[in-house]
Amino acid sequence: MRKVTLIPGDGIGPEIVEACRRIIEAAGVEIAWEVQEAGAGVMEKYGTPLPAHVLDSIRENKVAMKGPVTTPVGSGFRSINVALRKELDLYVNLRPAKSIEGVRSPYRDIDLVVVRENTEDLYAGIERQVDEDTAESIKLITRGASERVCRFAFDYARREGRSKVTAVHKANILKFTDGLFLEVARSVATAYPDIEFEDRIVDNMAMQLVQKPHIYDVLVLPNLYGDIISDLCAGLVGGLGVAPSANIGEDIQVFEPVHGSAPKYTGMNKVNPTAQILTGVLMLHHIGEEEAARRIYGATAAVIAEGKTVTYDLGGEAGTSDMADAIIARL
Ligand code: NAD
């Protein structure tokens, strides 16, 4: 049986991960889940929020699904989400943003894919307190990391029948770092004459995505802009409750929703499981369970379109587990 590492996470993580796992099982996919805990809850026991055996499990199984994990703000341990991506060299964060009928949004028919660099930029966490009143952070951009993420974006566009890649940057101001990213993107683009290529400055990109999102297709960005712009794209299709993602390396993939652990809703059976479910759909595509992936997407979209058994953010009153039950009933 196919083994997959399952990290329930904390906050709302365990509830939405459980909803997703039940739905995948109801669709008839047999997976031996290897449950691994990470985050603040294991600090005391293992002295680290990301114990080595969690990484070993993912390295062995090559595929993991995780729920969100809380990161303390300002002080405390560094993000385990960022650590996972760096430790396992998951150099791409793929974030599709596709409209689902029935999800409230001023936009229709959005179909964007954000390809975010996942290992460097300001996320490398190279920062220090210079003196009491000054702190500094280093923005690290390398040719190697830029090249592989840009190649991924073009290969993805080709494979998925998409027509355009837009590189997003601030190379007018950050001439060395973003300048290098843009130079590499332009150079990679020459090897893909069948895919249209253009670039946009990130602030202009933010405005254009709000004004005319339909003219964009695949976006490729350095880490921090990718983080911000992908949340904007999630907003175009109805918010964080419906936005999935995949962290992709050479031979390992870790699937997780875009949103965080929303601690204020912990244990309330209240939040939307859709982002986690669509994360599961991405994972099923990856492991070759195409039919189950299609059925789960269809059942989830149908429950949302019907609008009767949906969570508060979709205009309903159903709990997380009720919405999962309704999706299972549709299957
Ligand atoms: P968040 O995404 O957890 O929540 C922001 C708001 O979005 C919530 O208050 C809620 O109103 C809404 N929301 C999020 N998920 C939802 C869902 N499934 N259904 C309905 N509404 C939903 O962002 P935050 O509050 O900035 O972060 C909370 C914690 O999560 C932080 O510790 C942060 O570091 C962490 N985080 C983890 C990940 C990850 O594990 N990959 C990603 C982002 C943030």
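Return yes or no: is PHE197 closer than 20 Å to ASN93 by Cβ, assigned by TED's automatic domain parsing to the domain that holds ASN118, of a type outside the set (A, V, I, L, M) and not in a loop (DSSP other than H, G, I, E, B)?
No: the conditions fail for PHE197.
Between a first residue in the stretch 178-198 that is open to solvent by 20 Å² or more (accessible area, probe 1.4 Å) and a second residue that is assigned to a helix (DSSP H, G or I), which pairs have beta carbons less than 6 Å apart while being 6 or more apart in sequence or on different chains?
Correct list of pairs: PHE197/ALA189.
Residues that are in contact with an Asp or Glu (Cβ under 8 Å, 6 or more places away or on another chain), open to solvent by less than 30 Å² (accessible area, probe 1.4 Å), not in a helix (DSSP H, G or I) and not hydrophobic (A, V, I, L, M, F, W, C): does the stretch 110-124 have at least one?
Scanning the stretch 110-124 turns up at least one residue that is in contact with an Asp or Glu (Cβ under 8 Å, 6 or more places away or on another chain), open to solvent by less than 30 Å² (accessible area, probe 1.4 Å), not in a helix (DSSP H, G or I) and not hydrophobic (A, V, I, L, M, F, W, C).
When you check ASP199 against the structure, is it more than 21 Å from the chain's Cα centre (by Cα), farther than 30 Å from SER105 by Cβ and among the acidic types (Asp, Glu), yes or no?
Here the answer is no, as ASP199 does not meet what is asked.
Go through (1) within 16 Å of the ligand (Cβ to nearest atom); (2) at positive phi for GLY47 and report which single condition fails.
With (1) within 16 Å of the ligand (Cβ to nearest atom); (2) at positive phi applied to GLY47, the lone miss is (1).
Quick one: which residue in ALA38, ALA27 is within 16 Å of the ligand (Cβ to nearest atom), small (Gly, Ala, Ser), touching a Leu at 6+ places or on another chain (Cβ under 7 Å) and at negative phi?
Step by step, each of ALA38, ALA27 is checked, and only ALA38 is within 16 Å of the ligand (Cβ to nearest atom), small (Gly, Ala, Ser), touching a Leu at 6+ places or on another chain (Cβ under 7 Å) and at negative phi.
For the stretch 204-223, does any single residue satisfy the condition of being crowded, with 17+ Cβ neighbours inside 10 Å, out of contact with any helix residue (DSSP H, G or I) (no Cβ under 9 Å at 6 or more places or on another chain) and not small (Gly, Ala, Ser)?
Of the residues in the stretch 204-223, the ones crowded, with 17+ Cβ neighbours inside 10 Å are 205, 209, 213, 216-223.
Going one step further and asking which of them are out of contact with any helix residue (DSSP H, G or I) (no Cβ under 9 Å at 6 or more places or on another chain), we end up with none.
So far as the stretch 204-223 goes, no, none of its residues is crowded, with 17+ Cβ neighbours inside 10 Å, out of contact with any helix residue (DSSP H, G or I) (no Cβ under 9 Å at 6 or more places or on another chain) and not small (Gly, Ala, Ser).
Are any of the residues in the stretch 255-268 among the β-branched types (Val, Ile, Thr), free of Cβ contacts under 8 Å to residues at least 60 places away in the same chain and surrounded by fewer than 22 Cβ atoms within 10 Å (Cβ to Cβ)? Spell out the reasoning first.
Here is the first cut: in the stretch 255-268, the residues among the β-branched types (Val, Ile, Thr) are 258, 266.
Filter again for free of Cβ contacts under 8 Å to residues at least 60 places away in the same chain, leaving none.
There is no residue in the stretch 255-268 that is among the β-branched types (Val, Ile, Thr), free of Cβ contacts under 8 Å to residues at least 60 places away in the same chain and surrounded by fewer than 22 Cβ atoms within 10 Å (Cβ to Cβ).
Listed residues ARG21, ARG59; which is at pLDDT 95 or above, within 20 Å of the chain's Cα centre (by Cα) and surrounded by fewer than 16 Cβ atoms within 10 Å (Cβ to Cβ)?
Of the residues listed, the single one that is at pLDDT 95 or above, within 20 Å of the chain's Cα centre (by Cα) and surrounded by fewer than 16 Cβ atoms within 10 Å (Cβ to Cβ) is ARG59.
Among the helices (runs of 4 or more DSSP H) contained in the stretch 19-100, which hold 1 or more residues that are without any contact (Cβ under 8 Å) to a residue 24 or more places away in the chain and among the basic types (Lys, Arg)?
Working: elements: 40-46, 52-61, 80-87.
Where helices (runs of 4 or more DSSP H) fall fully within the stretch 19-100 and carry at least 1 residues being without any contact (Cβ under 8 Å) to a residue 24 or more places away in the chain and among the basic types (Lys, Arg), they are 40-46.
Which one of these does VAL271 not meet: (1) open to solvent by 30 Å² or more (accessible area, probe 1.4 Å); (2) within 11 Å of the ligand (Cβ to nearest atom); (3) part of a loop (DSSP other than H, G, I, E, B)?
Checking VAL271 against (1) open to solvent by 30 Å² or more (accessible area, probe 1.4 Å); (2) within 11 Å of the ligand (Cβ to nearest atom); (3) part of a loop (DSSP other than H, G, I, E, B), the one that fails is (1).
Condition check: closer than 26 Å to THR142 by Cβ and more than 16 Å from the ligand (Cβ to nearest atom). Does TYR297 satisfy that?
no
For residues in the stretch 230-268 being of a type in the set (A, V, I, L, M) and assigned to a loop (DSSP other than H, G, I, E, B), which is farthest from the ligand (Cβ to nearest atom)?
Result: ILE252.
The values are calculated or read from the model by the stated rules, or taken from the named source; none is laboratory data. Computed from a predicted model, the values in this text were never measured in an experiment. With ideal geometry, Cβ positions are generated from the backbone for all residues, glycine too; neighbour counts draw on all protein chains shown. To get the accessible areas, we keep the full protein, side chains included, count just its heavy atoms, and leave off ligands, DNA and RNA. Shrake-Rupley method; radii C 1.70, N 1.55, O 1.52, S 1.80 Å.
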